[in-house]
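Below is one structure, written out as C-alpha cells, with a few remarks after it.
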Amino acid sequence: MKKQWIFPNCTENGSLPGVHSAVAGLLAMRGIRSPEEVSEFLAEKPHLAHDPFLMKDLPQAARLVLETIGKGGEICIYGDYDADGVCSVSLLTLVLNALGAKVSHYIPSRFSEGYGVNREALEEIAARGVSLVVTVDCGITSLEEVEYAKGLGLQIIVTDHHNPGEEVPDCLVLNPKREGCQYPEKYLCGCGVAFKLAQGLQRLSQDWPAAMKTAEGAPKALERAAMLSTLDLVAIATIGDIVPLTGENRSLAKHGLNRMNRKLRLGLEALKKTARLEKQINGEAVAYAIVPRLNAAGRINSAETGVTLLTEEDLSAVEQAAISLEECNRERKQIQDAIFEEACRMAEAEGEDYYWSSGAAEEELTEEEELLMPPLLLLPMEDAHEGIMGIVAGKLKDRYNVPVVILTYGEDGSLKGSGRAPEGIDLYKLLSEAAPLYSRFGGHAGACGLTISEENYPEAEAILMDAAERLRQEQPDLFVPKVHVDWVLQPEDITSDLIDDLDRCGPFGAGNPAPFFALRGVKPENLRYMGDGENHLRFTAGGITCVLFRASREQKELLLEGCPLDLGGVPTRNVWKNREYLQFQVRELQRA
C-alpha cells in the first residue's frame, strides 16, 4: 500500500545541557521547550498530579464508601473484563480490604452477558445482601440499569472514563469527561479514575475514626503506602488502554513502572517468568506482554484469573494463574490468526466488489495503485470469536487504513460488533450515525463495540456506508496511510547517549508516541540475509549497521537496486556476548 511520508521541519533549538540535540529538538517540536519542562518530562519521578477532590462527586463517593464500611455493609466492585477493568477491580479490592471492608467483585462474562452493567447481575448481587455497588471502567451509559439497582435497594457509585451520553446515571458519578467536572486530566483510564477514588479514601480515612465513628465501628485508616502500592496496576491499565501518556497519566505510568522494577507484585513476578520477560520491565513489556495476557483471560475464559493474579498472596495460586494466562494467550493467538486470515479474504472480496461498482475500474490506473477499498469494512463472520474480534479489527485497519467493524452472530439472533479505526477517524462519531438502531453501543474515537438485531442491520449498514463515503469525499487524506517522521538523523547522531535519552522519554503510547526517525538519502551496502526463509536483512547505510525484519518483496527489491533511500525506523542497542552494538532498526523505506 502506498504511504505518504511526512517529514518534520527540524529547525527547533536542539541545545539543552545534558540532553542529546536530536532529543532536545524532538521534545521542542512536541511543545516541551524550557529546561524546566524538559527536566520534568525526562525525570524518573515526574511530579504532576491533581487533587482527587477536584473530581465531581468524589468527596461524596469517598464518604459513602467509608460510611458503608463503618456500618458493616458489603461493597461489590463491578468491573469490565479487559486489562483496564481487571486492574481497576484489583486496585479497589486491595484498597477496600486495607480499609477493613467486606468486599466482593463481579465481572460479567464477555460471552453470556457482554460489556457493562446488566439487570441479572444486579439481581444476583442484591440477593447476596450487598449494600453498595461501585462500578469501575463501565456504567456511564447504564441509566436504566442504575435505576433498576436502586429499585433493588442497592446504592451505587459509577466510576468510568468512557464518553458520557447526553445524560449520566442518577447516582454519584466519577468521570472526568462528564459535564461540570473540573478535574484537569480528562483522559484517565478506568483504573486511573479508581485510583483517584483510592486517593480520596486515603485522605478522608485519616480523620474518619475520630470524627465519624458509628455504632458499628469505623473503617481503618488507609496508609498512604498501601494506596501507592497500587500504582503498578494503574501503569498497566494506563498503558494498556491507550489513553494519552501525557500530563498526569504520564506521571502515573512512570511511577507505576518504577514501582514494578523496585518491588514486583507476586503475581506479576510469576507472569514475568511464564512470559519470559527481561529483568527490567518497561512500557513496551507492559503493552506487548502483560496487557495481552490479562486481556486473554477475558477473551478466552474468565477475567477472574487476572484478578487472582493481581490480588492473591498465595504463591501457588498466582503461579497457577500465570500459567493459565499463558495458555489463554497462546490459544488467543491461534484463534486470532485463523480469524484474521478469513477476514482478509472477506475484506479483499469487499474491496473487489467496491472497486468494480464504484467505476474505478474504468479509470486508467497504474500497476502500482492499490485495489480501492470501501471507506468502511463491515464484516459479519459466522465463526468469529467474540473475544478476538477487536484485535482482528485492529490488524485489518492497519492493513487497509479504513475503519473496520467485525461482527459475529449471537444466540438470540443479534449481531455483536467490535470496531477499530485509523488515527484521525473518529469511529464513535461515525458509528453514532446509526445509534438509534443499536441495542448496545459504546466506546471512543479509536475503538467501539455495538450490538444490533439482524432485522436492523441492513438499515444500519446503509447509513454507515453512506456516512463513511461522505467522510472520505470530504477528507480523503484520512484514508491515506501516513509515515510520520519525528526527526531526521545524520548517521553520526546515532550514539549511546541518544539511545539513553530516548529511553528517558518513555513510556510511549497515545499522546507520547515512540519517536520515529529517518536517515535520508543513504545508500544500502553489504546486504546479507538473516534467519530461515531470507525474511530478515542486515546492511550498512552511511556507515551505520541497519537491520530490517520481515522485509516485504517490495522492500527487498528496493534494497537490491542499490539506489539512495530514505530509511525510517529507530536507533537501538544490540548486546551480544557482553558487547554493545548500535544499529538502526528499519521499519519503512522508500526511494530518496
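Structure values in brief
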item: Matching residues, region 553-583, being closer than 16 Å to I494 by Cα and either part of a helix (DSSP H, G or I) or β-branched (V, I, T) (or both); result: V570, T572, V575
item: Residue selected from region 442-469 under the condition in contact with a strand residue (DSSP E or B) (Cβ under 7 Å, 6 or more places away or on another chain) and over 22 Å from G165 (Cα atoms), by the criterion most open to solvent (accessible area, probe 1.4 Å); result: E454
item: Of the criteria (1) touching a Cys at 6+ places or on another chain (Cβ under 6 Å); (2) under 30 Å from C546 (Cβ atoms); (3) not aromatic (F, W, Y), which one L431 fails; result: (2)
item: Selection count, region 510-552, where residues are free of Cβ contacts under 8 Å to residues at least 60 places away in the same chain, part of a loop (DSSP other than H, G, I, E, B) and among the aliphatic types (A, V, I, L, M); result: 2
item: Index of the failed condition, C76 passing every other in (1) assigned to a loop (DSSP other than H, G, I, E, B); (2) over 30 Å from P8 (Cα atoms); (3) touching a residue at least 40 places away in the same chain (Cβ under 8 Å); (4) open to solvent by less than 30 Å² (accessible area, probe 1.4 Å); result: (1)
item: All positions within region 387-411 that are open to solvent by less than 40 Å² (accessible area, probe 1.4 Å) and either of a type in the set (D, E, K, R) or assigned to a loop (DSSP other than H, G, I, E, B) (or both); result: G387, I388, N401, V402, P403, G410
item: 2 or more residues surrounded by fewer than 19 Cβ atoms within 10 Å (Cβ to Cβ): qualifying helices (runs of 4 or more DSSP H) within region 173-275; result: 208-211, 224-228, 247-262, 266-274
item: Residue match in region 146-155 (condition: of a type in the set (S, T, N, Q) and assigned to a strand (DSSP E or B)); result: yes
item: Subset tally (residues that are closer than 16 Å to A514 by Cα and free of Cβ contacts under 8 Å to residues at least 24 places away in the same chain) for region 553-592; result: 0
item: Subset of region 472-499 that is part of a helix (DSSP H, G or I) and of a type in the set (S, T, N, Q) - its residue that is surrounded by the fewest Cβ atoms within 10 Å (Cβ to Cβ); result: Q473
item: Residue count, region 290-320 (criterion: assigned to a helix (DSSP H, G or I), open to solvent by 10 Å² or more (accessible area, probe 1.4 Å) and more than 16 Å from D241 (Cβ to Cβ)); result: 10
item: Residues that are within 25 Å of D160 (Cα to Cα) and out of contact with any helix residue (DSSP H, G or I) (no Cβ under 9 Å at 6 or more places or on another chain), drawn from region 55-85; result: K56, D57, Q60, L64, E67, T68
item: Residue within region 502-514 that is over 24 Å from the mean Cα position of the chain (by Cα) and not aromatic (F, W, Y) present; result: no
item: Flag for L415 being free of Cβ contacts under 8 Å to residues at least 40 places away in the same chain, open to solvent by less than 10 Å² (accessible area, probe 1.4 Å) and either of a type in the set (A, V, I, L, M, F, W, C) or part of a helix (DSSP H, G or I) (or both); result: no
item: Number of positions in region 518-529 that are open to solvent by less than 40 Å² (accessible area, probe 1.4 Å) and within 33 Å of the chain's Cα centre (by Cα); result: 2
item: Boolean, S439 is open to solvent by 10 Å² or more (accessible area, probe 1.4 Å), farther than 19 Å from M346 by Cβ, polar (S, T, N, Q) and not in a helix (DSSP H, G or I); result: yes
item: Some residue of region 500-517 being surrounded by 14 or more Cβ atoms within 10 Å (Cβ to Cβ), over 28 Å from L257 (Cβ atoms) and modelled with pLDDT of 95 or more; result: no
item: Among residues of region 513-547, those that are farther than 15 Å from L589 by Cα and touching a Gly at 6+ places or on another chain (Cβ under 8 Å), counted; result: 1
item: Test set (1) in contact with a Gly (Cβ under 7 Å, 6 or more places away or on another chain); (2) open to solvent by less than 10 Å² (accessible area, probe 1.4 Å); (3) in contact (Cβ under 8 Å) with a residue 60 or more places away in the chain; (4) within 30 Å of G511 (Cα to Cα) - L132 fails condition number; result: (4)
item: Single residue of A28, A49 found to be aliphatic (A, V, I, L, M), surrounded by fewer than 22 Cβ atoms within 10 Å (Cβ to Cβ) and in a loop (DSSP other than H, G, I, E, B); result: A49
item: Residue list for region 114-129, restricted to those being closer than 28 Å to E411 by Cα, assigned to a loop (DSSP other than H, G, I, E, B) and open to solvent by 50 Å² or more (accessible area, probe 1.4 Å); result: Y115
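The values are calculated or read from the model by the stated rules, or taken from the named source; none is laboratory data. Note that this is a predicted model, so its numbers are computed, not measured. Virtual Cβ from ideal backbone geometry, glycine too; neighbours counted across all protein chains shown. Side chains included, ligands, DNA and RNA excluded: accessible areas come from the protein's heavy atoms. Shrake-Rupley method; radii C 1.70, N 1.55, O 1.52, S 1.80 Å.
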